Amino acid sequence: MYSAMSPSPIAAASLGQVYKARLKYSEQLVAVKVQRPGIENTIGRDFYLLRGLGFLINKYVDIITTDAVALIDEFARRVFQELNYVQEGQNARRFKKLYADKQDILVPDIFWDYTSAKVLTMEWIEGVKLNQQAAIEGQGLKVLDLVNIGIQCSLRQLLEYGYFHADPHPGNILATPEGKLAFLDFGMMSETPEDARVAIIGHVVHMVNRDYEAMARDYYALDFLKPEVDVSPIVPALKNFFDDALDSTVSELNFKTIVDGLGAVLYQYPFNGKSYFVLSIMRLHLNFAETVI
């Protein structure tokens, strides 16, 4: 299967380890992602304990109105999706197809004959992590060009395709010597339907126009709130926070602070688990942008 493999992992995460290897039949370099033994049982036990804590929060902590158990269940569902490496390979194939017209986006090929639920074999890609700016510039690349590629890609993911990378930290994205952005890890992906994408755009417009009543109603379209929830108490909270944020000059405006402030509003009202996951993804994309700028 493999003619050679690195004796130790070249990268490690909580769910698996990555080795550099060479295919026996073609001598092509590949990255082999191997799931940690027993990790499924470990994660299951951890989330079982967290659910117990969630029940206690729901019962005794009045300041948190969100269903803590539902929130934990949503994140558990996302984490368990990452344990199926066949699904991750399919995610990579779909992402690659969506960006086939973008010459500056690179997605590794998957070697399906060497892939299973617990082992993923993909094309090896040479590159530099995006937070290593000196190394990037040492290759003759401009960091600002990569930032522009990344921002355009993030916007297309969130607003055009509605299929987006849910873990875009610098370790999962490389700058290649050719000046391309290479996406590596597709274990955690998410989708947003077209009506929700339209609602996100409307939400931003309403925020800029300080139409906080419309902003609050957007949460129905985004499926963050049940239809029977009264949004009128949310309006003053949005106004109190965003009036201050939007009074800042462009140079002072910090979008990560805005997203964090929105999260503080969410914790006060009965938003569902999906809203927190989407908010977390927004934070990650903003953290990614801040890291490489």
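One residue stands out in segment 199-216 among those that are modelled with pLDDT of 85 or more and part of a helix (DSSP H, G or I): the one that is surrounded by the most Cβ atoms within 10 Å (Cβ to Cβ), namely A216. For segment 80-91, which positions are assigned to a helix (DSSP H, G or I), out of contact with any Ser or Thr (no Cβ under 7 Å at 6 or more places or on another chain) and within 19 Å of Y163 (Cβ to Cβ)? Correct list: Q81, Q87, E88, Q90, N91. The single condition from (1) within 21 Å of A31 (Cβ to Cβ); (2) touching a residue at least 12 places away in the same chain (Cβ under 8 Å); (3) surrounded by fewer than 20 Cβ atoms within 10 Å (Cβ to Cβ) that Q103 fails is (1).
Table: residues versus (1) buried (at least 17 other Cβ atoms within 10 Å of the Cβ); (2) more than 28 Å from G150 (Cα to Cα); (3) in the same structural domain as N148 (by TED's automatic domain parsing); (4) of a type in the set (K, R).
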residue: R51; (1), (2), (3), (4): no, yes, no, yes
residue: F55; (1), (2), (3), (4): no, yes, no, no
residue: D62; (1), (2), (3), (4): no, yes, no, no
residue: F75; (1), (2), (3), (4): no, no, no, no
residue: A92; (1), (2), (3), (4): yes, no, yes, no
residue: F95; (1), (2), (3), (4): yes, no, yes, no
residue: Y99; (1), (2), (3), (4): yes, no, yes, no
residue: V107; (1), (2), (3), (4): yes, no, yes, no
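Among residues of segment 17-28 being part of a strand (DSSP E or B) and without any contact (Cβ under 8 Å) to a residue 60 or more places away in the chain, the one that is farthest from Y85 (Cα to Cα) is R22. Checking E137, E126 one by one, the residue that is acidic (D, E) and not in a helix (DSSP H, G or I) is E126 and no other. A count restricted to segment 13-37 and to residues that are within 25 Å of the chain's Cα centre (by Cα) and on the phi > 0 side of the Ramachandran plot stands at 0. The single condition among (1) outside any helix (DSSP H, G or I); (2) out of contact with any helix residue (DSSP H, G or I) (no Cβ under 9 Å at 6 or more places or on another chain); (3) modelled with pLDDT under 95 that A31 does not satisfy is (3). Number of residues in segment 228-244 that are at pLDDT 85 or above, over 12 Å from A214 (Cα atoms) and part of a helix (DSSP H, G or I): the value is 1. When every residue of segment 164-177 is checked against the conditions, none turns out to be assigned to a helix (DSSP H, G or I) and of a type in the set (D, E, K, R).
For segment 166-173, the condition of being closer than 18 Å to D104 by Cα, modelled with pLDDT under 90 and of a type in the set (D, E) holds for none of the residues. The requirement of being assigned to a helix (DSSP H, G or I), touching a helix residue (DSSP H, G or I) at 6+ places or on another chain (Cβ under 9 Å) and without any contact (Cβ under 8 Å) to a residue 60 or more places away in the chain is not satisfied by Q152.
With E88, E74, E82 as the choices, which residue is at negative phi and in contact with a helix residue (DSSP H, G or I) (Cβ under 6 Å, 6 or more places away or on another chain)? From the options E88, E74, E82, the qualifying one is E74.
The values are calculated or read from the model by the stated rules, or taken from the named source; none is laboratory data. No experiment lies behind these values; they were computed from the predicted model shown. All Cβ positions, glycine included, derive from the backbone under ideal geometry; neighbour counts span all protein chains shown.
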